[in-house]
1. With a Cα-only, solvent-free Debye model of the stretch 138-197, what are the log10 I(q)/I(0) values at q = 0.13, 0.19 Å⁻¹?
2. For the stretch 252-398, compute Rg over Rh where Rg is the Cα radius of gyration and Rh is the Kirkwood radius from the inverse mean 1/r over Cα pairs.
3. In the neighborhood of residue 5, defined by Cβ-to-Cβ distances under 11 Å, what is the net charge if each Lys or Arg adds +1 and each Asp or Glu adds -1?
4. Place +1 on the Cβ of every Lys and Arg and -1 on the Cβ of every Asp and Glu in the chain, take the dipole about the Cα centre, and give the residue among 343, 263, 120 whose Cα lies farthest towards its positive end.
5. Compute the orientation-averaged projected area for the stretch 188-255 from the convex hull of its Cα atoms and round it to one decimal in nm².
6. Which percent of Cα-Cα pairs in the stretch 71-163 sits in each 5 Å bin, short to long?
7. Give me the percent of Cα-Cα pairs in the stretch 9-161 that sit more than 20 Å apart, rounded to a whole number.
8. When you have a sec, figure out the Kirkwood radius of the stretch 225-289 from all distinct Cα pair distances and drop it here in Å to one decimal?
Amino acid sequence: MAQNVLVIGSGGREHALGWKLAQSPRVKKVYFAPGNGGTSENVDIKQNEIDKLVAFAKKTDCLSVVGPEESLSLGIADAFAKEGLRLFGPIKQAAMLETSKVFAKEFMKKAGIPTAEFAAFSDAQKAKDYIIRQDKPLVVKADGLAAGKGVIVCDSAQQAIEAVEKIMVAKEFGAAGGRVVIEERLSGEEASFIAMCDGKTLIPLASSQDHKRVFDGDKGPNTGGMGAYSPAPVVDSKLHEKIVRRVMEPVLREMKARGTPFAGFLYAGIMVDEKTGEPYVLEFNTRMGDPECQPIMMRMKSDLYEYIDAAIDGRLASAPPIQWREGTAACVVMASRGYPGSYKKGEPIEGLGDFGPDTMVFHAGTTRDAQGRVVTNGGRVLGVTAAGKDAKHAIENAYSAVRKIRWGENGHYYRTDIARRALR
Ligand code: AMP
Ligand code: GLY
């Protein structure tokens, strides 16, 4: 029997999840709450309106998939479970792996998961005293959710002290800065490793890498992600195995032991140490990555719905491995000029069209204006995603579509070096 699906969120990640789910013969209709200018069947409910989401899912008999961490942090999975509704995403207590960096670090220590050495503080003066006693480069992190901006990678003790001031005294990230984690700064190449989990078992997705800095060559401030590609060549089969055994499985075991089994997408941000080649966890997210989701969905040949359905029922142990399209997929984020700072909204987007079966324009910060035109509505506007038989072709395909799309007077901006690393 075909099933209605509700995708919660409004970004490129949600557009990609819904696009993929809609291809399943077992899916009847895909609703997006609230969705964006590229998604159809939008429902006017925000990702933090949990009671309304519950009511809608009940009324339309939907299986639900959660995109953003905000919904998870509000306990959406607990609320749906209480009503007997089927939803893919972790309960609030399991989502603490993402919502509290102190929780995540202590969890990793307990579970023996490799991560940078750290200390946690709720007192700014104690944090500063600690910094002065260290003789290695440090990273200062606000404990709570800060839209990817609460992490300050420091070059000197002075900078680390300023970071503590910013987070704990000036409260630049609000309540997220009540506590800080101060950790050793690691060096190496980063990769994103995401798996689907059902509380007991996990199935890894293809590896990926995102581009967090706004400018070419990884310069400029951090953003939500300026592009991504899959697979990440740095994750060879040996490293893949290590990440599964040393990171992902221990998370599932420890969560189960605590009585808060982890079901949902589990995302480990990995640093591959430049000297030893060993993987260390930089962070956990308890959801799909954005924009990593876009190239991963582009490469997924298996039916995503089948896996989500199995995961909700705790049947992943008997599911076959996911089939992936060979080659590479790359996603170039087209942003509003000025992002991650201030930028204009409401610019009509020109050049959106059909770029063929290997290219998909996933919408993020877009909406429809009164005339039904697609206009900009956010910092990250589009995720132009293309597949190719190798990285070179994927990059060419993606940028050839990107060059046809524009808005405003020079209103768009994108990095020109997405997936370049995969060419080596
Ligand atoms: P997080 O949100 O914790 O992943 O941090 C965001 C970014 O900060 C990461 O993608 C890394 O580029 C950087 N970062 C975080 N922790 C460390 C660390 N211990 N050493 C070096 N860079 C880090
Ligand atoms: N692309 C990083 C994230 O989704 O957090």
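1. -0.37, -0.69
2. 1.04
3. Taking every other residue near residue 5 into account, the sum is +2.
4. So the residue we want is 263.
5. Details: hull surface 21.9 nm².
For the stretch 188-255, averaging the hull's shadow over all directions gives 5.5 nm².
6. Per 5 Å bin, starting at 0, the Cα pair percentages come out as 3, 12, 18, 19, 17, 12, 8, 6, 4, 2, 1.
7. Working: 6947 of 11628 pairs.
Beyond 20 Å sits 60 percent of the P(r) for the stretch 9-161.
8. 13.1 Å
Here, each number is a calculation from the coordinates, and none is a lab measurement. Just so it is clear, the model here is predicted, and its values are computed rather than measured. So basically every Cβ, Gly included, is an ideal-geometry build from the backbone, and we count neighbours across all protein chains shown.
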